[in-house]
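Here is the structure we will look at.
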Amino acid sequence: MKYVLGAIETVPLLLDGLVTTLLICGLAAILALVGAVAIVAAKRSGMRWLVVSATIYVTLMRGLPIVILVFLLYFGVPALLDLGRVSALWVGVIALALNGAAFQSEVLRGAIARLSRGQSEGAYALGLSRFQLWRLVLTPQILPIALPALAGEIGFLIKASPVLSLITVVDLTRRAQQVTMQTFDPLGPLLAACVLYFFLIGSISWVSRYLEARLTVGKAR
Amino acid sequence: MTDFVTTYGGTLLQGFLWTIILVSVGFAIGSVFGAILAMMLVSGRRGLAWLARSYVELIRNTPFLIQAMLLFALMGILRIRLEPVLVGLVAVAIYTAAYMAEIIRGGLNSIPDGQREGARALAIGPVLQFRLIIFPQLLPFVLPASVNLLATLCKESAFLAGVSVAELTFSGQVVITQTFLIFEVWAIIGVLYLVLVLSIMALAEFLERRMMWLNPAR
């Protein structure tokens, strides 16, 4: 018990790592959502090459470990193009966003697939433009369907984010390792980081479940 | 290129094989514990269910790399000397057990209670009840989901390079320190992972389509 309290005492030392993790994941999640919308638009564009390249992109991202994607972008591409040193932080954000975009696009696609075709036909019959159709009719319906799963995807993003500690970004995981070196306590700081991750990811999955319960009330299931 | 393959191909292939062994054996062991956890979750006994739920939530809500690091630190403190690959295997098993428990629990919950009651009314014993009634309905739900879990494990196992387990990603780091062919090596390793993960995902999709008609829910 005394040991656990000792481990909790290292939490303040980890806070700047936690902030970095939060910033990276928040930024990556927003960029990923923008990317996901672009992927869905590409898939629905009807232009053959756009559809094919969006599909290939999503397949690649689903099959490639995030560790390898990060290593390719941080070590591989700069070596190939002779760029010298690149910012690990930004590479990390971009890699998480590229990965997250593919998974979030699947969520959005699934949500759109659940809407009936009659909605767009009705909207066009009422003289709504394509933009109005999406803004007024479809998006307000897609969001409640997609939101719980999107929150879940942010949870996955945070679970993947320790990959950045492998490319020298001082996130929560790497900060815990540094504190381990300073305190000669191999377990405490890691345990404290684990607790922080648990509450962070746990609260997001809690929000996801809450949204799911909240937003599906009154709907036939 | 031929020089590269003959000199370093072996190292990469070895790493690739270790990844496959690590993931498949860890998955097999973890699945057994996952099944036990699932039974605890649906047992109806408060204490057992709470214990299993805590384990599942703890593993599912923390990053795999942190779990692996904690496991290695714990091994050091307890002075247990194991090959890093074996520790990695244990990490994969610990991770699998939690996710597998949720998959099996979901399957068990999808079977209406009336079937168990009916079986009992027909005096079918628990073993026969599981074999004839529960298991065949569990399979179309659990099999595709667990194959998908296997694909996820292949991807997650790359994190084990961060704790010096000699798997595929780690072997890439080794070859790069010898050749400085940074982009080429990561590209080759990426392709190896893609082949492995996408074929497992294709298998999951095949099983899902194949077993759809067995699923009473649809």
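The values are calculated or read from the model by the stated rules, or taken from the named source; none is laboratory data. These numbers were taken from a predicted model, which means no experiment stands behind them. Reconstructed Cβ throughout: ideal geometry from the backbone, glycine too, with neighbour counts over all protein chains shown. Heavy atoms of the whole protein, side chains included, go into the accessibility calculation; ligands, DNA and RNA do not. Shrake-Rupley method; radii C 1.70, N 1.55, O 1.52, S 1.80 Å.
Remarks
- Number of the condition not met by A:Ala102 [criteria: (1) open to solvent by 10 Å² or more (accessible area, probe 1.4 Å); (2) out of contact with any Ser or Thr (no Cβ under 6 Å at 6 or more places or on another chain); (3) not hydroxyl-bearing (Ser, Thr, Tyr)]: (1)
- Residue in the range B:27-47 that is away from chain A (no Cβ under 14 Å), under 30 Å from A:Ile167 (Cβ atoms) and either within 16 Å of the chain's Cα centre (by Cα) or surrounded by fewer than 21 Cβ atoms within 10 Å (Cβ to Cβ) (or both) present: yes
- Contact map, the range B:101-120: residues that are closer than 15 Å to B:Pro140 by Cβ paired with residues that are part of a loop (DSSP other than H, G, I, E, B) and open to solvent by 60 Å² or more (accessible area, probe 1.4 Å), Cβ distance under 7 Å, separation 6+ or inter-chain. Pairs shown: B:Ser110/B:Ala217.
- Qualifying residue in the range A:114-121 (condition: within 13 Å of chain B (Cβ to nearest Cβ) and either part of a helix (DSSP H, G or I) or among the hydrophobic types (A, V, I, L, M, F, W, C) (or both)): no
- Looking only at residues of the range A:27-52 that are more than 24 Å from A:Phe156 (Cβ to Cβ) and open to solvent by less than 60 Å² (accessible area, probe 1.4 Å), we find that the one that is modelled with the lowest pLDDT is A:Ser45.
- Yes/no for B:Leu22 being touching a residue at least 24 places away in the same chain (Cβ under 8 Å), in contact with a Lys or Arg (Cβ under 7 Å, 6 or more places away or on another chain) and hydrophobic (A, V, I, L, M, F, W, C): no
Every residue, every condition in (1) farther than 25 Å from A:Thr168 by Cα; (2) away from chain B (no Cβ under 12 Å), yes or no:
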{"site": "A:Leu33", "(1), (2)": "yes, yes"}
{"site": "A:Ala38", "(1), (2)": "yes, yes"}
{"site": "A:Thr59", "(1), (2)": "yes, no"}
{"site": "A:Gly76", "(1), (2)": "no, no"}
{"site": "A:Leu80", "(1), (2)": "no, no"}
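- The residue list B:Leu13, B:Leu70 contains one member that is within 13 Å of another protein chain (Cβ to nearest Cβ), over 18 Å from the mean Cα position of the chain (by Cα) and closer than 22 Å to B:Ser164 by Cα, which is B:Leu70.
- Checklist (1) within 7 Å of chain B (Cβ to nearest Cβ); (2) modelled with pLDDT under 90 applied to A:Thr173, failing item: (2)
- The test for being modelled with pLDDT under 95, of a type outside the set (Val, Ile, Thr) and open to solvent by less than 30 Å² (accessible area, probe 1.4 Å) holds for A:Ala7.
- The selection criterion, being at pLDDT below 90, touching a helix residue (DSSP H, G or I) at 6+ places or on another chain (Cβ under 6 Å) and of a type in the set (Val, Ile, Thr), does not hold for B:Ile103.
- Pairs are defined by a Cβ separation below 7 Å, a sequence spacing of at least 6 or placement on different chains, a first member in the range A:117-139 that is within 18 Å of A:Val37 (Cα to Cα), and a second member that is crowded, with 16+ Cβ neighbours inside 10 Å and among the hydroxyl-bearing types (Ser, Thr, Tyr); the pairs so defined are A:Leu133/A:Ser120.
- Odd one out for A:Phe156, checked against (1) under 17 Å from the mean Cα position of the chain (by Cα); (2) away from chain B (no Cβ under 13 Å); (3) open to solvent by 30 Å² or more (accessible area, probe 1.4 Å): (2)
- Qualifying residue in the range B:113-123 (condition: within 24 Å of A:Tyr197 (Cβ to Cβ) and either open to solvent by less than 80 Å² (accessible area, probe 1.4 Å) or not small (Gly, Ala, Ser) (or both)): no
- Of the helices (runs of 4 or more DSSP H) lying entirely inside the range B:31-127, those containing at least 1 residues that are among the charged types (D, E, K, R) span B:46-60, B:84-109, B:113-121.
- Screening A:Asp185 against (1) open to solvent by less than 30 Å² (accessible area, probe 1.4 Å); (2) within 12 Å of chain B (Cβ to nearest Cβ); (3) more than 18 Å from the chain's Cα centre (by Cα) leaves a single unmet condition, (1).
- For the range B:180-206, taking the residues that are of a type outside the set (A, V, I, L, M, F, W, C) and either open to solvent by 30 Å² or more (accessible area, probe 1.4 Å) or outside any helix (DSSP H, G or I) (or both), the one that is modelled with the highest pLDDT is identified as B:Ser199.
- Counted residues, the range A:72-90 - those being open to solvent by 40 Å² or more (accessible area, probe 1.4 Å) and assigned to a helix (DSSP H, G or I): 8
- Matching entry among B:Leu153, B:Leu138, B:Leu160, B:Leu168 (being in contact with an Asp or Glu (Cβ under 6 Å, 6 or more places away or on another chain) and either within 19 Å of B:Ala97 (Cβ to Cβ) or surrounded by 23 or more Cβ atoms within 10 Å (Cβ to Cβ) (or both)): B:Leu160
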